[in-house]
Structure formats: structure tokens, C-alpha cells
Amino acid sequence: MRPALDGLSRDGVLAWLRERDEEALGALWRRADQVRRARVGDAVHLRGLVEVTNYCVRHCAYCGIAACAGPLPRYRMTHDEILACARQGRDFGFGTVVLQGGEDPGLTGPFVAAVVRAIKAETGAAIALSLGERDDADLREWRSEGADRYLLRFETTDAALYRRIHPDVAGTVSDRIGQLLRMRDMGYEIGTGVMVGIPGQTWDTLADDIWTFRDYDMDMIGIGPYLPGPRTPLAGALGAELAAPLADQVPNDELTTLKAVALTRLVCPDTNIPSTTALSILDPAAGRANGLCRGANVVMPNLTPPEYRVLYEIYPGKAAMHETADALAEKVIALVDSLGRTMGSGPGTRLRTPPRE
Ligand code: SAM
């Protein structure tokens, strides 16, 4: 007997993650799409992504811009360059600008504060930051200057696995859930997420990850497949060491990622869920649309200038690396249209909606 899709327990999530029957999965896709429509509507919120720096002090074993990721030209965008991207997002009608980057102390607290203040004053857009583990004083200052949201994936609930793939930097202990909860108290909307199929991630771990999204009532949840990068330890010996036995290891494929997205929609019905770029790399023709039809309601078109975008290859083949922001925005808007959905207007803040069915 398959668990009912409404009122899922953690073990129900686990059973559905392992499901392979296409007809049964059809019911999961339909229910996730119904719940998405009932709870967050048909609007697809577009968040313009600006990859502001590829410097990083971390040694994350999966990431192509980690400090240990081999010789890589490094860049840090200027205040004016970031502002120009934010203006472009406003002109496309995007309600949010996302400033993402490696964990870069060279991107100082006052610098980010000034950028946030300027973007807010000029565009009025909602501002999401995704700059890694920063100290509370910086986070508070950025919030007071107008930053609305912060994205920080906890990557996995398996503490031992986390330590291996996301080593601490000298003198600190990484506690991403702790930072997320402190940021919520500061007034941020908080977003988190995981990669699907990292070596060592078992079905149980992924069920725990999804249940943790629900336990902490996350406002935004990004789920993408793990895409092994050639220069990264996790794609080599470390990955081979950490991989779980075949029956337990979660594959890093599109089907499993879509199951995780759909189940997350069911247990976190009014949260904002992007159809991730990584998903569109696994399946360039349909990945983005599949995510949007199985629970997702957000897309993050890339506004980073092409000369920097090619240096922000956190995983291989990052989609549309050479396409201009205009071409990308047009494509995403056409996709939203082709699915019979509408482009979100305004900031696309999470709205806590009661069940309507
Ligand atoms: N430095 C910030 C941080 O760590 O939160 C933001 C940038 S970081 C590159 C953004 C996210 O990219 C990570 O949280 C991780 O989940 C994802 N990522 C990194 N390497 C990846 C890979 N090889 N495959 C898929 N996703 C990856």
C-alpha cells in the first residue's frame, strides 16, 4: 500500500522517494501541481540572479569555485556593475534581485550594505542575499539597509557527511541551520535547500532533509541535482569513499530531483520553490518546465555579465553560460507563457495561505 499523498509523514515521504512506478508517480506529479496552484497560484516569480564574486574561502568538496578548486581567475563585481544588473532586472519586470557569491571576506560588510541600499533606493526590488556564512553584525546591517531574504542551503541533514563535504574554516564551526534561524529572528525570509544525489546521501537522508524543510518552516527551498565537477574532490576519490551501497545511494538524476521537489511542495505547501538551473542542465529541453509542473513556482534567470558568468562555474555546463541576460529573460518569459502560467508581479514574498480545498 502506498501512503496517501495528503497528510504525508516522514516515512511516507521516504516511501514516495523510492517509488518507481510511472502510474503512481503520475499521481504524485498531479497532486504536487494541484497543491502548488491552490496554495501559491499560477504566478511564476522571476528572481534576477547576479553572481557578484567567485572568490571563496570555503573548501566545499562539491563546488567548482571553492578555494581548492584549482587555478581559476577570480573576480569581484564593482558597485556600479552590480547596480547595472539590478536595473536590468527591474526593466525585465523581475520583482527580486538575488546577489549570490562565494564566501568572500573581500566583499566587505559595508560594501554589501551600500549596494543593498542603492538597489533598494533605485529599483524598489526585493533583495535576496546568498553570500555564505557571514557574521551576525553584517547580516543585521544588511537587513537594516533593506535586504529582505537570505538563501543558505544546509546541503544535508547527515552531520557526519556534512563535515566531510563542507569542512569548517579555521576557528569556526559551520552551523547553517543556526544561522538561518538567527536570520529569521532578524526579520529575513529564509531559504535553504539541498543537492540531490551527493555521494553518501541515502534515501533516509533525503527524507530527513525534506522533513527538516517542514520542521523549520522554510520560506524558500531550492533543490537541484548534484552535478560532479571535474576539479572537485567529491567527483574523485572522496566521492568514491563516501558513496553509500547501491541500494541506499540516492542517484543524482532528474527523476529523483523531481520527486524531491514534488514531495517538498506537499509537505511545505505555501513555500516558494525554484525550478533550479541545475535541473535545466540535466535536461536542457524540459528540466525547467518539468520542475514548474511538479511543484515549483519560481525561476531565477541569470543577469550576471557573460564575462563573469563563465568564471562562476560551480558545476559543469551551467546552462546558457554564453547567452545574454536579454535572451535568457525572453526564453523564461516564453516558457512561463507556454505553460499557461503568469509572470509574478511584485516582490513574490511568501504568503502563508490556508488550505482552500
Ligand atoms: N557561497 C554561498 C553558499 O555556499 O551558500 C552561495 C553560493 S553556493 C555556490 C550555492 C549552492 O550551489 C550551494 O549551496 C550548493 O548547493 C550548490 N552547488 C555547489 N556545487 C554544486 C554542484 N557541483 N552541483 C550542484 N549544486 C552545487
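The values are calculated or read from the model by the stated rules, or taken from the named source; none is laboratory data. Predicted, not measured: the structure shown is a model, and the values here were computed from it. Neighbour counts are summed over all protein chains in view; Cβ atoms, including those assigned to glycine, are modelled from backbone coordinates with ideal geometry. For the accessible areas, the whole protein counts, side chains as well, though only heavy atoms, and no ligand, DNA or RNA atoms are used. Shrake-Rupley method; radii C 1.70, N 1.55, O 1.52, S 1.80 Å.
Note that the chain presents 39 Å² accessible area per residue, ligands and nucleic acids not counted, probe 1.4 Å.
Straight Cα distances below 26 angstrom link Lys259 to the lysines Lys318, Lys331, with same-chain residues fewer than 8 positions distant left out. Taking all Cα pairs closer than 8 Å and separated by 6 or more residues, the relative contact order of the chain comes to 25 percent.
Which of Asp136, Asp148, Asp217 ends up with the largest GNM mean-square fluctuation for the chain, with Cα atoms connected below 10 Å? In the Gaussian network model the winner is Asp136. Computed with the Debye formula from one identical point scatterer per Cα of the chain, without solvent, the log10 of I(q)/I(0) at q = 0.12, 0.14, 0.15 Å⁻¹ comes to -0.84, -1.20, -1.41. If the chain linking Arg182 and Glu241 were pulled fully straight, counting 0.36 nm for each residue of separation and taking away their Cα-Cα distance, it would gain 17.8 nm.
When the Gaussian network model of the chain links Cα atoms closer than 10 Å, the mean-square fluctuations of Ser338, Ser174, Ser280 top out at Ser338. Among the trypsin sites (Lys or Arg not before Pro) found in the stretch 2-72, those both in a DSSP coil and sparsely packed, with 16 or fewer other Cβ atoms within 10 Å of their Cβ, are Arg18, Arg20. Look at the Cα gyration tensor of the stretch 205-357: its axes a ≥ b ≥ c give a/c of at least 1.5 with a/b at or below b/c, and that counts as oblate. Among all the aspartates and glutamates, which ones have a C-alpha under 16 Å from Lys120's C-alpha, if same-chain residues fewer than 8 places away are not counted? Within the straight-line cut-off, Lys120 pairs with Asp80, Glu81, Asp91, Glu141, Glu145, Asp148.
Residues in the stretch 135-140 carry Karplus couplings, in order, of 7, 4, 5, 4, 4, 5 Hz; the curve used is 6.51 cos²θ - 1.76 cosθ + 1.60 with θ = phi - 60°, and Gly or Pro positions show x.
Collect residues whose amide H, placed 1.01 Å from N in the peptide plane, falls under 5 Å from the amide H of Arg350; neighbours closer than 5 in sequence don't count. When sequence neighbours closer than 5 places are left aside, there are no close amide H contacts.
Listed values for the stretch 329-343 are Karplus-derived 3J(HN,Hα) couplings in whole Hz (6.51 cos²θ - 1.76 cosθ + 1.60, θ = phi - 60°), namely 4, 4, 4, 5, 5, 5, 4, 4, 4, 5, 8, x, 9, 10, 7, and x replaces Gly and Pro. Among the cysteines of the chain, those with no neighbouring cysteine Cβ under 4.7 Å are Cys56, Cys68, Cys85, Cys268, Cys293.
Between the amide H of Leu49 and those of Val98, Asn302, Leu303, distances stay under 5 Å, these residues lying 5 or more places away or on another chain, with hydrogens modeled in the peptide plane. Placing pseudo-labels 7 Å out from each Cα toward the beta carbon at Asp80 and Arg20 gives an inter-label distance of 5.9 nm. Taking Cα centre as origin and charging only the Cβ of basic (Lys, Arg, +1) and acidic (Asp, Glu, -1) residues, the dipole magnitude of the chain rounds to 440 debye. GNM remark for the chain: springs join alpha carbons under 10 Å apart, and the peak mean-square fluctuation among Ala24, Ala67, Ala32 falls on Ala24.
Across the stretch 88-133, the relative contact order, built from alpha-carbon pairs under 8 Å that are at least six residues apart, equals 57 percent.
Mean separation of Cα pairs under 8 Å and 6 or more residues apart, divided by the residue count, gives the stretch 72-161 a relative contact order of 29 percent. When the solvent-accessible area of the chain is split by element, carbon and sulfur atoms take up 55 percent of it, the probe being 1.4 Å.
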